[in-house]
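S.K.: Next up is a structure, given as structure tokens.
The values are calculated or read from the model by the stated rules, or taken from the named source; none is laboratory data. Source: prediction; values computed, not measured. All Cβ positions, even for glycine, are placed from backbone atoms using ideal geometry, and neighbour counts span all protein chains on display.
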Amino acid sequence: MVTKENIDRFLETWNKITRVFAAMECFREDPGLTKLELLALSAICNREELIMRQLAEHLGVSMSTATVVIDKLVEKGLVGRERNHGDRRVVKVKLTEKGEKIAVSFQRQKAGIIKQVMGLLSQEEQENFILILEKISGALNGDKRK
């Protein structure tokens, strides 16, 4: 049973955690980057290149929104586009050297914070914590499996 006390404790803790992650996501190597642009750079960095559909799915946005984000990153010299020779409708996006530098710096910062947090937990607690986060994420994203 979920008690009011547990709901209050959850909300208080959740608010503290989200403030830290919000600050982390607002990291700016370049002050002209939006949160979505930074997340797009990070996603592309993790895969070396992505097609636009994959990027939109990863970011949880429409293709038109992903296109606007990439347009801005191309203008800033952080991303390049390449059409697929077999299917010109397929557009691949890759980081430029400047884009990679920013993405790697952001990922290092993010990994450092996560390592610090996870270091507070035993191996078993880390595994349980990740399982709980996966369960919550699945429930919030419509996955009914338990």
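S.K.: Is it fair to say S122 is within 24 Å of I17 (Cβ to Cβ), out of contact with any Leu (no Cβ under 7 Å at 6 or more places or on another chain), hydroxyl-bearing (S, T, Y) and at pLDDT 95 or above?
M.R.: Criteria met by S122.
S.K.: For segment 101-115, does any single residue satisfy the condition of being in a strand (DSSP E or B), of a type in the set (A, V, I, L, M, F, W, C) and within 20 Å of I51 (Cα to Cα)?
M.R.: no
S.K.: Checking the conditions here, which among R9, R19 is at pLDDT below 90 and within 26 Å of L133 (Cβ to Cβ)?
M.R.: Matching residue, one of R9, R19: R19.
S.K.: In segment 29-68, how many residues are in a helix (DSSP H, G or I), touching a Lys or Arg at 6+ places or on another chain (Cβ under 7 Å) and either of a type in the set (S, T, Y) or modelled with pLDDT under 90 (or both)?
M.R.: 0
S.K.: OK, next. Do we find that G86 is within 18 Å of A43 (Cβ to Cβ) and among the small types (G, A, S) in this structure? Walk me through it before giving the result.
M.R.: Details: within 18 Å of A43 (Cβ to Cβ): no; among the small types (G, A, S): yes.
No; evaluated as a whole, the condition is false for this residue.
S.K.: If I ask for residues that are surrounded by 10 or more Cβ atoms within 10 Å (Cβ to Cβ) and at pLDDT 85 or above, which ones from segment 110-119 would you list?
M.R.: A111, G112, I114, V117, M118
S.K.: If you check Q107, Q126, which single one turns out to be surrounded by 13 or more Cβ atoms within 10 Å (Cβ to Cβ) and either among the acidic types (D, E) or in contact with a Cys (Cβ under 9 Å, 6 or more places away or on another chain) (or both)?
M.R.: On the way: Q126 fails: either among the acidic types (D, E) or in contact with a Cys (Cβ under 9 Å, 6 or more places away or on another chain) (or both).
Answer to the selection: Q107.
S.K.: Name the residues in segment 129-146 that are surrounded by 10 or more Cβ atoms within 10 Å (Cβ to Cβ) and of a type outside the set (D, E, K, R), would you?
M.R.: F129, I130, L131, I132, L133, I136, S137, G138, A139
S.K.: Something else about it: Test each condition in (1) under 20 Å from F21 (Cβ atoms); (2) under 17 Å from the mean Cα position of the chain (by Cα); (3) loosely packed, with under 15 Cβ neighbours inside 10 Å; (4) of a type in the set (V, I, T) for T65 and report the one that comes out false.
M.R.: Just one mismatch for T65, condition (1).
S.K.: Give me the residue from segment 73-96 that is part of a loop (DSSP other than H, G, I, E, B) and among the basic types (K, R) and, out of that set, modelled with the highest pLDDT.
M.R.: Result: K76.
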